[in-house]
Amino acid sequence: MSIQRPKGTQDLLPGVIEKWQDLEQHIRTICREYGYEEIRTPIFEATELFQRGVGETTDIVNKEMYTFLDKGDRSVTLRPEGTASVCRAYVENKLYGGQLPVKLFYMGPMFRYERPQAGRFRQFHQFGVEVLGADKPIVDAEVITLVWDLYTRLGLKGLEVHVNSVGCPTCRAVHRTKLQEFLAPRREQLCKDCQDRFERNPMRILDCKNPTCQEITQGAPTTLDTLCPDCLEHFQELKELLTAAGVSFKVDPRLVRGLDYYRKTAFEVLVENIGAQSAICGGGRYDGLVEQVGGPQTPGIGFAMGMERVLAALQASNPLNNLTKKEFVRFVALGEEAQKKCFTFVSQLRRKGIPASIDLLGRSLKAQLKTADKAQARYAAIIGEDEMNRQVVILRDLTLGEQTELPFAETEEELIQKYREEQ
Ligand SMILES: [Zn+2]
Ligand SMILES: [Zn+2]
């Protein structure tokens with residue numbers, strides 16, 4: 001039996017990989033413009049890092065991690081997300097001792113043992129940013145504007161930023177009490193998960209997708225109702241800054257991030273997807289995560305987005321958008337001498353950065369021309385016996401169907417010029 005790839009993984013083949021490269025290119029460009037530098041951390045880390053940094057009560061840590069003992073009996077885990085690793089690297093490399101804030105981005109594969117389903121993979125890819133060492137609302141606004149600009153530039157349609165504030169430990173304690181009072185009379189009717197959450201983390205009940213829970217929480221006090229003056233001011237300023245930057249957003253008081261170390265700003269970016277809205281980016285401010293991994297007290301904010309989901313959204317919002325780069329010129333040769341001459345041209349052009357190709361299978365002229373068509377080459381450059389004798393190349397424009405003759409001496413220059421004009 002042939003060997004198959006592991007469940008929940010994918011091979012990214014030519015034809016698809018171009019879309020990935022294009023997305024990666026946009027990400028790198030925008031991060032450079034915004035002054036975010038790339039960090040690459042290991043694919044696996046000590047298991048303890050995620051237990052402490054992601055939270056032992058989360059589904060990710062409880063059910064979804066790829067954890068194993070290495071040959072030295074150390075428990076290691078394939079990273080399920082990026083933030084914990086970035087915080088660890090920040091501490092381990094003493095980045096806090098340099099210029100603050102530290103603005104980083106990462107991109108790469110993450111691993112979660114989930115039930116494979118459409119659009120969900122066990123090895124998936126995330127792009128994320130983290131800003132460490134700054135707690136002002138302008139940082140939150142910058143991070144949200146970055147992702148907004150990225151999505152706009154990619155051409156995603158129906159974008160909407162949702163923002164909320166989950167407050168700080170002071171105001172959250174007030175909210176917790178008020179929310180529990182509100183829910184207490186109907187506590188028994190909540191779903192099983194929410195009954196667990198009632199004591200442990202009642203705020204998460206606001207976020208439950210169960211229809212009964214949603215009905216019960218109608219009119220429940222939100223974190224916005226109980227913000228302390230400091231958190232209120234932070235949220236107010238964030239909204240003003242987003243408006244100043246031209247980002248259109250909506251306040252969503254039900255947008256919560258459940259873990260203890262989340263502070264103040266929480267946000268999501270939604271995209272319209274075949275009539276429904278779905279989130280393609282989530283992020284927020286956190287405190288105490290750097291301390292969790294042994295560093296000094298450091299405020300942070302970041303977001304992560306699943307690259308598979310963004311590519312799917314792009315496909316849905318613009319199915320005709322073909323980012324695939326076509327071949328520029330394919331040389332077609334008849335006879336050994338012509339083949340050598342073509343190979344010289346191809347080699348020279350490639351050295352000048354012009355994509356050029358040539359038949360590698362010794363096929364007939366007709367078959368070579370067919371391949372050029374199939375490859376959607378812009379031009380075919382043809383040299384047969386007659387052309388060899390006359391020292392000319394037939395240059396056929398495969399889009400317009402026109403052709404011209406070029407002397408050997410002018411062929412290279414002419415193709416370089418045509419290529420530049422089209423870029
Ligand atoms: Zn507060
Ligand atoms: Zn529920």
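The values are calculated or read from the model by the stated rules, or taken from the named source; none is laboratory data. Here the structure is a predicted model, which means the values were calculated and not measured. Every residue, glycine as well, gets a Cβ built from its backbone with ideal geometry; the counts of neighbours run over all protein chains shown. SASA here: full protein model, heavy atoms, side chains in, ligands and nucleic acids out. Shrake-Rupley method; radii C 1.70, N 1.55, O 1.52, S 1.80 Å.
Summary of values
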item: Hey, residue 159 in the same structural domain as residue 281 (by TED's automatic domain parsing) and either within 16 Å of ligand 1 (Cβ to nearest atom) or in contact with a Ser or Thr (Cβ under 9 Å, 6 or more places away or on another chain) (or both) or not; result: yes
item: Within the range 183-195, considering residues that are open to solvent by less than 50 Å² (accessible area, probe 1.4 Å) and outside any loop (DSSP other than H, G, I, E, B), the one farthest from ligand 1 (Cβ to nearest atom); result: 194
item: From 4, 25, 10, 21, residue being open to solvent by 40 Å² or more (accessible area, probe 1.4 Å), touching a residue at least 60 places away in the same chain (Cβ under 8 Å) and polar (S, T, N, Q); result: 10
item: Test: residue in the range 111-122 that is of a type in the set (Gly, Ala, Ser), assigned by TED's automatic domain parsing to the domain that holds residue 26, closer than 30 Å to residue 66 by Cβ and touching a helix residue (DSSP H, G or I) at 6+ places or on another chain (Cβ under 7 Å); result: yes
item: Number of the exception - residue 228 against (1) in contact with a His (Cβ under 8 Å, 6 or more places away or on another chain); (2) within 16 Å of ligand 1 (Cβ to nearest atom); result: (1)
item: Hey, residue 206 at pLDDT below 95, within 30 Å of residue 192 (Cβ to Cβ), away from ligand 1 (no atom under 16 Å from the Cβ) and in contact with a His (Cβ under 7 Å, 6 or more places away or on another chain) or not; result: no
item: Residue list for the range 202-230, restricted to those being free of Cβ contacts under 8 Å to residues at least 60 places away in the same chain and either among the charged types (D, E, K, R) or surrounded by fewer than 16 Cβ atoms within 10 Å (Cβ to Cβ) (or both); result: 204, 207, 209, 210, 211, 212, 214, 215, 218, 219, 225, 229
item: Scope the range 61-79; condition at pLDDT below 95 and either surrounded by fewer than 19 Cβ atoms within 10 Å (Cβ to Cβ) or among the charged types (D, E, K, R) (or both); matching residues; result: 62, 63, 64
item: Members of the range 231-259 found to be of a type in the set (A, V, I, L, M, F, W, C), closer than 19 Å to residue 168 by Cβ, over 25 Å from the mean Cα position of the chain (by Cα) and open to solvent by 50 Å² or more (accessible area, probe 1.4 Å), listed by number; result: 232
item: Which numbered condition residue 314 fails, given (1) assigned to a helix (DSSP H, G or I); (2) open to solvent by 50 Å² or more (accessible area, probe 1.4 Å); result: (2)
item: Among (1) away from ligand 2 (no atom under 16 Å from the Cβ); (2) open to solvent by 20 Å² or more (accessible area, probe 1.4 Å) - the single one residue 199 does not satisfy; result: (1)
item: Residue within the range 30-48 that is open to solvent by less than 20 Å² (accessible area, probe 1.4 Å), among the β-branched types (Val, Ile, Thr) and without any contact (Cβ under 8 Å) to a residue 60 or more places away in the chain present; result: yes
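Let's see how each residue does on (1) assigned to a loop (DSSP other than H, G, I, E, B); (2) away from ligand 2 (no atom under 16 Å from the Cβ); (3) touching a Lys or Arg at 6+ places or on another chain (Cβ under 8 Å):
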| position | (1), (2), (3) |
| --- | --- |
| 221 | yes, yes, yes |
| 231 | no, yes, yes |
| 234 | no, yes, yes |
| 241 | no, yes, no |
| 253 | yes, yes, no |
